[in-house]
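A quick write-up on the structure given underneath.
The values are calculated or read from the model by the stated rules, or taken from the named source; none is laboratory data. The shown structure was predicted, so the numbers you read here are calculated from the model rather than taken from an experiment. No Cβ is skipped: glycine too gets one built from the backbone with ideal geometry, and neighbour counts run over all protein chains shown. For the accessible areas, the whole protein counts, side chains as well, though only heavy atoms, and no ligand, DNA or RNA atoms are used. Shrake-Rupley method; radii C 1.70, N 1.55, O 1.52, S 1.80 Å.
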Amino acid sequence: MDAMDRKILTELQLDGRLTVTELAARVKLSVSPCHRRLRDLEREGAIRGYRAVVDPAAVGLHFEALVFVTMRLEDADTVSAFEEAVAAVPHVLQAQRLFGDPDYLLRVAATDLTAFQQLYDQQLARLPGVQRLNSTLVMKHVVDDRPLPE
């Protein structure tokens with residue numbers, strides 16, 4: 001990956017709806033080579049897909065929490081069962097496995113505190129292998145969906 005590929009990726013992260021012609025103009029490349037590079041980036045997996053970024057509040061999800069998960073056991077079967085179960089919870093927007101304690105960090109969206117409490121008690125606390133959950137509420141997004149650095 002060279003500097004031109006990185007410029008293409010930066011522009012697409014800022015506006016994924018650019019036409020190839022608009023993209024080529026922004027990165028100062030003719031359309032044909034720009035299109036070829038774009039296809040290569042998609043084929044190689046540098047570009048994983050295209051999607052709309054939806055404002056959670058606009059669809060009624062006004063409440064966000066970060067949930068830290070400590071596992072009881074960390075054997076392969078327990079980890080696999082937990083990860084499969086957490087992936088099936090639609091209100092979990094992101095789930096990351098961490099080194100050290102805690103074991104996982106979940107980003108969770110809900111309509112309000114009551115809905116989060118129900119989600120916490122009925123789904124998150126019942127995930128396989130969970131020893132302890134610790135939550136903190138998101139007050140404000142300071143940096144959100146920033147493009148990757150070049």
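Residues of region 70-82 being without any contact (Cβ under 8 Å) to a residue 12 or more places away in the chain and surrounded by 12 or more Cβ atoms within 10 Å (Cβ to Cβ), which ones?
Ser80
Can you report the number of residues in region 99-150 which are under 20 Å from the mean Cα position of the chain (by Cα), surrounded by 12 or more Cβ atoms within 10 Å (Cβ to Cβ) and in a strand (DSSP E or B)?
So the count comes out to 8.
Just one of Ala85, Ala95 is over 26 Å from Asp55 (Cβ atoms) and open to solvent by less than 70 Å² (accessible area, probe 1.4 Å); which is it?
Answer to the selection: Ala85.
Check region 59-69 and report whether any residue there is more than 25 Å from the chain's Cα centre (by Cα) and touching a residue at least 12 places away in the same chain (Cβ under 8 Å).
Keep residues of region 59-69 that are more than 25 Å from the chain's Cα centre (by Cα), which gives none.
No: region 59-69 contains no residue that is more than 25 Å from the chain's Cα centre (by Cα) and touching a residue at least 12 places away in the same chain (Cβ under 8 Å).
When the residues of region 25-45 are filtered to those that are open to solvent by 50 Å² or more (accessible area, probe 1.4 Å) and hydrophobic (A, V, I, L, M, F, W, C), which remaining residue is farthest from Leu93 (Cα to Cα)?
The qualifying residue farthest from Leu93 (Cα to Cα) is Val31.
Just to be sure I understand the filter: pairs with C-beta atoms under 7 Å, separated by 6 or more residues or on different chains, first member in region 93-106 and within 11 Å of Glu74 (Cβ to Cβ), second member in a strand (DSSP E or B) and among the basic types (Lys, Arg). Which pairs pass?
Pairs found: Asp103/Arg97; Tyr104/Arg97.
Quick one: would you say Arg51 is out of contact with any Gly (no Cβ under 7 Å at 6 or more places or on another chain), more than 30 Å from Asp112 (Cα to Cα) and open to solvent by 90 Å² or more (accessible area, probe 1.4 Å)? Break it down stepwise before answering.
On the way: out of contact with any Gly (no Cβ under 7 Å at 6 or more places or on another chain): yes; more than 30 Å from Asp112 (Cα to Cα): no; open to solvent by 90 Å² or more (accessible area, probe 1.4 Å): yes.
Taking the combined requirement at face value, the residue does not satisfy it.
Taking the options Leu14, Leu18, name whichever one is in contact with a Pro (Cβ under 8 Å, 6 or more places away or on another chain) and either at pLDDT 95 or above or on the phi < 0 side of the Ramachandran plot (or both).
Testing whether each residue is in contact with a Pro (Cβ under 8 Å, 6 or more places away or on another chain) and either at pLDDT 95 or above or on the phi < 0 side of the Ramachandran plot (or both) leaves just Leu14.
Note down all Cβ pairs under 7 Å where the first residue falls in region 28-52 and is more than 17 Å from Gln13 (Cβ to Cβ), the second is part of a helix (DSSP H, G or I) and open to solvent by 80 Å² or more (accessible area, probe 1.4 Å), and they're at least six residues apart or on different chains.
Val31/Thr21
Counting just the residues of region 4-18 that are open to solvent by 70 Å² or more (accessible area, probe 1.4 Å) and out of contact with any helix residue (DSSP H, G or I) (no Cβ under 8 Å at 6 or more places or on another chain), which one comes out farthest from Pro147 (Cα to Cα)?
Arg17
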